[in-house]
1. Would you work out the relative contact order for the range 1-106, in percent, from Cα pairs under 8 angstrom that are 6 or more residues apart?
2. Convex hull over the alpha-carbon atoms of the range 117-165: what's its volume per residue in Å³?
3. Can you give the accessible area per residue of the range 105-176, in Å², using a 1.4 Å probe?
4. If we count GluC sites (Glu not before Pro) as exposed when they sit in a DSSP loop and have at most 16 other beta carbons within 10 Å, what is the longest stretch of the chain that avoids them all?
5. Percent relative contact order of the range 165-241, based on C-alpha pairs within less than 8 angstrom and at least six residues apart?
6. Using all Cα-Cα distances in the range 120-243, what percent lands in each 10 angstrom bin from 0 up to the longest?
7. Within a Cβ distance under 11 Å of Gly11, other residues only, what is the Lys/Arg minus Asp/Glu net charge?
8. Any idea what the relative contact order of the chain is, in percent, if you count C-alpha pairs under 8 Å spaced at least 6 apart?
Amino acid sequence: MIDLHTHLLPGVDDGSDDVAQSVAVLTKFAEMGVTAVCCTPHLKASHLDDAPCEELDELVDQLRLAAPPEPRLTRGFEIMLDVPNPVFGDRCLGLGGTRYVLVEFGRLVPADGSVEALARVAAQGVVPLLAHPERYAVCSVEVAARWREAGALLQVDATTLLAATRRAGRARALVEAGCATILASDNHGVQRNLKAAVEWLESHGGRTQAHLLAVENPAAILAGEDTAPVPPMRVRRSWYSMLKEFVVGGKEA
């Protein structure tokens, strides 16, 4: 498994507090079978010109010295699209220095505005990978199709996929429709991981989808290669689980 969205650079943002916390997470990841991790600290698109690439690369090197040999560590950013026309001119902004850039919106972004923003990023020859699309209230399979037509890929949150909330329902709908490209943990130095989601997908007959979402497509991204389409799948639901999702989901947009 490969995890391309984490906040494990110690003391950088709202993720891991120190090296020991990061090493503990990476050690657990290794035990779960994670072979590569991309550290993606937060960055605003309005600050792209001042992105601290060299400083963060030094932190990654320091973390490598303390961490186990696997997972292999690389770096990118999680970039908040807070301005209408950011310029992605430096490959140090991409995941592992590739043309793929992890981006996010504020939670109340409008559908049309999000499609236009992603299209402007894609027009620069980079590939926007939209973090946790299920977090946005406008997210639906139909809007996801528009995001993909604009040139974006979608990174569904692995832990959310297993929850009983409205947001989780959106995540599952994206996976069922074949809209998701990868899963990632968005680990902030705690327990979030890929393994439970992979096992859950496999238990629903989605072994092929799990491999594409957690292994093959993340590897392609780190190699700067094209990702593969993920086939739709059917998630089995009991009447009880659907009712619980509806009731609990009403409390969370």
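1. Over the range 1-106, the number comes to 28 percent.
2. 67
3. 35
4. Longest stretch, sites excluded: 1-224.
5. 38
6. Binned Cα distances yield the sequence 13, 47, 33, 6, 1.
7. Net local charge, Gly11 excluded: -4.
8. 19
The values are calculated or read from the model by the stated rules, or taken from the named source; none is laboratory data. Just so it is clear, the model here is predicted, and its values are computed rather than measured. Counting neighbours? That spans all protein chains shown, and the Cβs are built from the backbone with ideal geometry, glycine included. Protein only, heavy atoms only, side chains kept; ligands, DNA and RNA dropped before computing areas. Shrake-Rupley method; radii C 1.70, N 1.55, O 1.52, S 1.80 Å.
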